[in-house]
Amino acid sequence: MKTAGPEPPPKRPWLTLKRRIFPRGLTFTREGKVYVGVTLGVGFGAINTGNNLLFLVLGLMLGLIIVSGILSEVSIRKIQVSRRVPRRVESGVPFSVELALSNTKRWAASFGVELRDEIDNTPFRRRCFFLRVGPNEERKVAYRCELKRRGKSFFQGTIISTRFPFGLFEKRRFVTLQDEIIVLPARLEVSAPMPFAKMGDGAHQTVIAGPGGEYRELREMVHGDDPRRIHWRSTARYGQPLVRETDADAKGFIEVVLDPLPKGQSNSALDEVERNIEAAGTLVRDLTRLGLTVRLVTSSTESIEANSRLSSMLLLEHLALIDPLASKVKGPPKGVTEAAVLIGPRAKARGRAYRMVVPRSRNSKQGNGR
Amino acid sequence: MKFALTQKVATFALVAVAVIPLHLSEQIDLIWTFIFVALYGAGWFLEPPLTREPRLRRIVTAIVFTVLAIQIGLLFAGAPMARLGMEFAIAILGLKMCSRGYSADYYQIVILSFLHVIAATIATDDLSYAASFILFVSLSPPVLALTYLRKEMERRFAGDKEKDGPVMLERLLGSKRIISPGFIVGSALLSLPVFFVIAFLFITFPRIGFGLFGKLPKDNATVGFGDEVTLSDLDLIREDNTVLMRMEPIGPFKNRPARLPIKIRGAVFENYETHTWTKGGQDQSRKLKPVGNNYPLYKKYFIKDKTPGFEVLLESMEPPLLFLPEGTGQITTYPEAAGGIPKARSLTRNSLGAIQYTDKAKVGLRYRVYLTGEPPYGPPPNKQHTYLQLPPNSDRLKALTHDLAGEGSTRQQIVGLINGLRNNYRYSAKTKDSDDNVAEDNPLDRFLFSRKTGTCTHFATALTLMLRVKEIPSRVVTGFGHAYWNQIGGYYAVLKSSAHAWTEAYLNGKWVTLDATPGSGQATTKSPFSSISQVLDTIRMRWHKHVVSYDASSQFEIAISLREHILRLRKHSWGISNPYISMRSLGISVGIVLVIGILIQIMRRWPKINLALRIRAFKRNTKEATKLYVTLERRLARRGHPRPISRTPDEHVRVLWTENHSLAKIAEQVTKRYNEVRFGSSTFESNELERLRISIREL
């Protein structure tokens, strides 16, 4: 699926190829630039004058560079990194990413190691620093990450870097460590149309499982199930714990009809669509929290329904992955029930509907905001 | 020790080590040394947060700019730029020591220390530089590592004021747990590979030397060897035990007395006026014609391994005179790198026979002299020379000359003069007579007729002038009279205090050395060298010979000796005497190296390769086992016993056995092997697969 969002991350095939062939990088620190400059000057002076003492100094300066290169290589070699990230996050809401660094060297410790995730081909601004990781030692650290661009975000890998031992150079090693996160639309300051929602109260039979009273089926017990829901007779018959699954009690039903097609290719038009999607997401969250069953209609062919906070995630994921530029071919969305909230100019409903006015954003979001 | 204190001590030690050679080089005025010491001392007591005060830092910046302005002014006034630059660097470093507040300041201090070490290379090449350099190499890794750690701490905590970052930073800087003695030792041990790199680069890097910039002129003028010499000049260096040259014996040298009486010739003077010897008006220099790097002083050119001689290491001095031991017949110099090409040294001789060299690098000279017993070098006297000139009013001198010489042959008269001076006059190195420098006075008359005590210059002057009275062309030569054996270093050291003057007379078509100074030529005087002095001078000699004077010719020598060593090894190990390496053997050598490299790589990657091979074999076996079982199933189906999907292969075999089917045995065999290979770690043995296939085919 094509990545959603206003600005997809740029692809860098050359960088990928380079990392595959030689996964190392080197940059000079400010002090390192001065040091290298002085070294070049000494080298020129030594070659020019033939002064042996300058050759000694040149040897010293080059020796320190070589030692620095070897020790930094030792520091970032044989290091394994693992990452734990949530599957879904909300746009603009900080979440924590846990990184575990294990030094698999038998004897040598790693000093001054920094980890930096690369998200959507861009190194994240936060760095996780480990002053010392002993041999065969594992250290964990968590950092707060915040993603603003709706859609799928990719953690391509982790950059392991060190400035050890002299702080003159920063040596980097790229480790491929892929993770995928779905960034759900951000929450907007819009309120759910409560009076409108009551109109559909009890008018719809839900197909979503939930803590209702109507029997649905027996199923195997899984972790997290309430033990009070165990059906003891069936459990005794089949020799394994079975629980009763019921249909959710639907307090009401509401349809959110979202038109994701932008009016043009301009930034403001795309920004308006983003705001509409965010508004739809906010409605989905708020309405499902109230116990309402929500059906989301985004095009003539796409509709999805949810009635709990857990299942509302499916709707939010759907919203997160909408590609405004690809929605033209799917036709305008149309609500099919009596109660509908219309967002966007092309959104229509068969019956009564409430057209929601989404406030315009003050500033257009640029990039991922990291 | 606390982290901050450890870093402070290490940084201050590094700075001290870096600046000492520059201040000892005498290129820096004493006032700058005092200024630096004051700033260095103040810097020790000035600590953050005071040093982080913006006001203090602004004051320091203002002072730096003021010093810069003064130095620029002095530059326009004609002061040498290099010296002004050094003084400015000293000022910056001192001020930086007083305003060190952050890791960036420490980095700047380290860089400035490096610049001081670099500046010292053009100011001095003494042993103090060697000692300082070794300490600097040992200290720089720990100091840089500590500075790096401090920077990391500041990066993490200094800017994070919301989470009490500055407090955390201060706590870390005051912590005793961060730096252990092991860290200091470990980081100092990093200097070992650095030393290795230094040695490798120093030995192998080709010496090109474009010579765009020279060294700073050294204040090393040595009296007695310039354009003129007064009768008391050599007294000025009589107390100076500085080693000026070292002579390592080469060839057959049997006796090595502690004090070697040997006349080492330097400057030659012909014109005497009242109290001063000068070179005369005909001092025209001519280039000596080399044969390769050899300068034969006479027509005879030779290269003989058995000729005794000395390998001389001469310190840089002004004027750049070449000192030649008596009997020198040939000089061999080492080429200097100029413009990237090894070039023979340029030697010149003046009309009196003194030899000079060019010393752009200001590191002295290394050369060889071969002693063939030749007379002192110099063209014969001609009309342009003043070898017979006498001072005015020399009647008393003439009378004394006739009195001492007596009657007889020329030889007898010369012996009479020498004996007369030796027997009637006394040598004293401590003759101090400031009146000798007074132009109106006649110090020679005072020596001959009243005091009767003098230095070697008095005796040489007296004998020279007496010979001239007898109309024998003669001149005064200054140089050194003896050398001291350094038992530890295995060379003769010539001290400045061994400076001596004597006479050369032109007799029977050649110059002859004559010395009327009493006591000269004796070999019993005890060496002024103590054991410690000998050790120190040996180190100094090695430093100069192997480091300061190391050049393209030394590299060439090393390459030649390495080649000879390899050839010897080849001859001893494989019996190959051909010095040229054939393409075949070169190819074999390269092949062996490549094979060894590949083997090492394979051994390193063997676990991964082994795993990959095993996975590949497993996949291949699995595929074959499946194919085999599919073939079996087809055969069974054709024979009316297809395996239902709901039945496992083992169950199917059991069914076949139950029905006592004739194919049960072969089906069991194939199924068993299929299970073992497909789901276990077993593999097919050689021919096993083919055998099972044939068995199935025969069903």
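The values are calculated or read from the model by the stated rules, or taken from the named source; none is laboratory data. Quick caveat, the model's predicted, so the values are computed rather than measured. Here the Cβ positions follow ideal geometry from the backbone for every residue, glycine too, while neighbour counts run over all protein chains shown. These area figures cover heavy atoms from the full protein model, side chains too; ligands, DNA and RNA do not enter into them. Shrake-Rupley method; radii C 1.70, N 1.55, O 1.52, S 1.80 Å.
For the reader, a short list of remarks on this structure follows.
- Exactly one residue out of B:LEU231, B:LEU260 is more than 14 Å from chain A (Cβ to nearest Cβ), closer than 25 Å to B:GLY327 by Cβ and either open to solvent by less than 20 Å² (accessible area, probe 1.4 Å) or modelled with pLDDT of 80 or more (or both), and it is B:LEU260.
- Residues satisfying the stated conditions in the range B:383-410, i.e. of a type in the set (D, E, K, R) and without any contact (Cβ under 8 Å) to a residue 60 or more places away in the chain: B:LYS383, B:ASP395, B:ARG396, B:ASP403, B:GLU407
- Residue match in the range B:343-354 (condition: open to solvent by 70 Å² or more (accessible area, probe 1.4 Å) and modelled with pLDDT under 80): yes
- Residue list for the range B:159-183, restricted to those being within 11 Å of chain A (Cβ to nearest Cβ) and in a helix (DSSP H, G or I): B:LEU172, B:PHE183
- Test: residue in the range B:128-139 that is in contact with a helix residue (DSSP H, G or I) (Cβ under 8 Å, 6 or more places away or on another chain), polar (S, T, N, Q), within 11 Å of chain A (Cβ to nearest Cβ) and under 16 Å from B:PRO48 (Cα atoms): no
- Residue in the range B:508-527 that is polar (S, T, N, Q), closer than 30 Å to B:PRO381 by Cα and without any contact (Cβ under 8 Å) to a residue 40 or more places away in the chain present: yes
- Here the condition is being out of contact with any Gly (no Cβ under 8 Å at 6 or more places or on another chain), surrounded by 13 or more Cβ atoms within 10 Å (Cβ to Cβ) and among the basic types (Lys, Arg); of B:ARG635, B:ARG614, B:ARG604, it holds for B:ARG635 alone.
- Under the condition of being more than 7 Å from chain A (Cβ to nearest Cβ) and either at pLDDT 95 or above or part of a helix (DSSP H, G or I) (or both), the residues counted in the range B:188-212 number 10.
- Of all residues in the range B:1-52 being in a loop (DSSP other than H, G, I, E, B) and charged (D, E, K, R), the one that is surrounded by the most Cβ atoms within 10 Å (Cβ to Cβ): B:LYS2
- Close Cβ contacts (under 7 Å, 6 or more residues apart or on different chains) running from residues in the range B:37-63 that are farther than 13 Å from B:LEU95 by Cα to residues that are assigned to a helix (DSSP H, G or I) comprise B:LEU50/B:LEU56.
- Residues in the range B:567-589 that are open to solvent by 80 Å² or more (accessible area, probe 1.4 Å) and part of a helix (DSSP H, G or I): B:ARG568, B:LEU569, B:LYS571, B:HIS572, B:TRP574, B:MET583, B:ARG584, B:LEU586, B:ILE588.
- Qualifying position, being away from chain B (no Cβ under 13 Å), open to solvent by 50 Å² or more (accessible area, probe 1.4 Å) and over 30 Å from A:LEU316 (Cα atoms), among A:ARG125, A:ARG116, A:ARG139, A:ARG132: A:ARG139
- Being touching a residue at least 24 places away in the same chain (Cβ under 8 Å), more than 9 Å from chain B (Cβ to nearest Cβ), over 30 Å from B:VAL143 (Cβ atoms) and assigned to a helix (DSSP H, G or I) is true of A:ARG19.
- Selection status of B:ARG156, within 11 Å of chain A (Cβ to nearest Cβ), open to solvent by 40 Å² or more (accessible area, probe 1.4 Å) and part of a helix (DSSP H, G or I): yes
- Candidate set: the range B:107-124, residues that are at the interface with chain A (Cβ under 7 Å from one of its Cβ atoms) and of a type in the set (Ser, Thr, Tyr); chosen: the one nearest to B:VAL143 (Cα to Cα): B:TYR107
- Scanning the range B:88-106 for residues that are closer than 25 Å to B:ALA4 by Cβ, more than 10 Å from chain A (Cβ to nearest Cβ), assigned to a helix (DSSP H, G or I) and open to solvent by less than 10 Å² (accessible area, probe 1.4 Å) yields a total of 4.
- The range B:482-502 - residue that is over 28 Å from the mean Cα position of the chain (by Cα) and over 12 Å from B:PHE323 (Cβ atoms) and, of those, modelled with the lowest pLDDT: B:HIS482
- Residue match in the range B:74-83 (condition: basic (Lys, Arg) and in a loop (DSSP other than H, G, I, E, B)): no
- Restricting attention to the range A:22-46, the residues being surrounded by fewer than 18 Cβ atoms within 10 Å (Cβ to Cβ), hydroxyl-bearing (Ser, Thr, Tyr) and facing another protein chain (nearest Cβ under 9 Å) number 1.
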